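Read-outs throughout are calculated quantities, based only on the coordinates presented, and are distinct from any laboratory measurement. None of the values given here were measured: they were computed from a predicted structure. Here the Cβ positions follow ideal geometry from the backbone for every residue, glycine too, while neighbour counts run over all protein chains shown.
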Amino acid sequence: MTKSKRPTFIFDLDGVITKTETHHFEAWKETGAFLNYQITPENNEALKGVSRNDSLKKIISWSGKEVSSPVFDRLLKEKNDRYLASLSSLSEDDIMDGVHEFILEAKANNHQIVLYSSSKNAKMILTKLNIIALFDAIVDGNDVTNSKPHPEGFELAALLSNTVPQNCVVFEDSSSGILAANQIGMTTIGIGDAKSLSMASRIYENFKEISLNDF
Ligand code: B16
Ligand code: MG
């Protein structure tokens, strides 16, 4: 495998490119209510980057309830239906501050731009945000068996961009994502709340604070 000269940038989606993690939270709250369990902001933090399936398993275990397999599948579908309905008016106005500009500048400076999101809705969201064409490779929840904090998706992102993990820089808002990328020696940049991202190599509040010269 050849090493690209410039680091390859691997972007998370929910919470890094757009604020859809608040939509996930709202959609899961109703699932919690069905299980007589109130999902807390701390719970939501632990769900960031975690697949839909694994998120529901966590919520069921927090609730102390048990559900049959058909109910499990129904809860997953209903949550996703609510989530998708809440995104009906998503547009490029919902790209987080500074991200679009950073990606355009990075591309102009020959960095590869890759997405790795646990979301099975990632391509639809990137299309609505009107930025899907900017990505050299996309890995999403449909491409992996093991979601974050397992490194499988990051390994695939490195493979598709023909970059060694040590030359990949990952932008993530979730501790599960930081943990996954750290495991295979990628540089991790935490975006958002410093408390939950302490394992990242560096932490920024948002992309307006980040300069391409930092890499
Ligand atoms: P979906 P990311 C993750 O996206 C979200 O952080 C997480 O809350 C969600 O459960 C997961 O995608 C699956 O999403 O239900 O759309 O397939 O942060 O890895 O971009
Ligand atoms: Mg995220």
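As a proxy for reagent exposure, F9, F135, F72 were ordered by neighbouring Cβ count within 10 angstrom, fewest first; the result is F72, F135, F9. Between amide H atoms placed 1.01 Å from N, distances below 5 Å from E205 occur with G192, all of them 5 or more places distant or on a separate chain.
Looking at the square roots a ≥ b ≥ c of the eigenvalues of the Cα gyration tensor of region 84-147, which shape do they give, rounded for a/c under 1.5, prolate if a/b is larger than b/c, or oblate? Oblate shape, in that a/c is at least 1.5 and b/c is the bigger or equal ratio. Would you mind classifying region 157-215 by shape? Square roots of the alpha carbon gyration tensor eigenvalues, ordered a ≥ b ≥ c; an a/c under 1.5 is rounded, otherwise it is prolate if a/b is larger than b/c and oblate if not. In terms of gyration-tensor shape, oblate. Sorting 16-22, 176-182 by average packing, meaning the other beta carbons within 10 Å per residue, from highest down gives 176-182, 16-22.
Using only alpha carbon pairs under 8 Å that are at least six residues apart, calculate the relative contact order of region 128-168 and give it in whole percent. It would help to have the intermediate numbers written out before the result.
Details: 21 pairs, mean separation 12.6, N = 41.
RCO, region 128-168: 31 percent.
Counting other beta carbons within 10 Å of each Cβ, put F102, F215, F154, F171 in order, fewest first. Mind showing how you got there, number by number?
Values: F102 20, F215 14, F154 28, F171 24.
Fewest-to-most ranking of F102, F215, F154, F171: F215, F102, F171, F154.
State the answer as a single residue: which of S89, N213, P165 lies farthest towards the positive end of the charge dipole of the chain, with beta carbon charges of +1 for Lys and Arg and -1 for Asp and Glu, about the Cα centre. Toward the positive end, the furthest listed residue is P165.
GluC sites (Glu not before Pro) within region 135-215: which are DSSP loop residues with at most 14 other Cβ atoms inside 10 Å? Those satisfying the criteria are E205.
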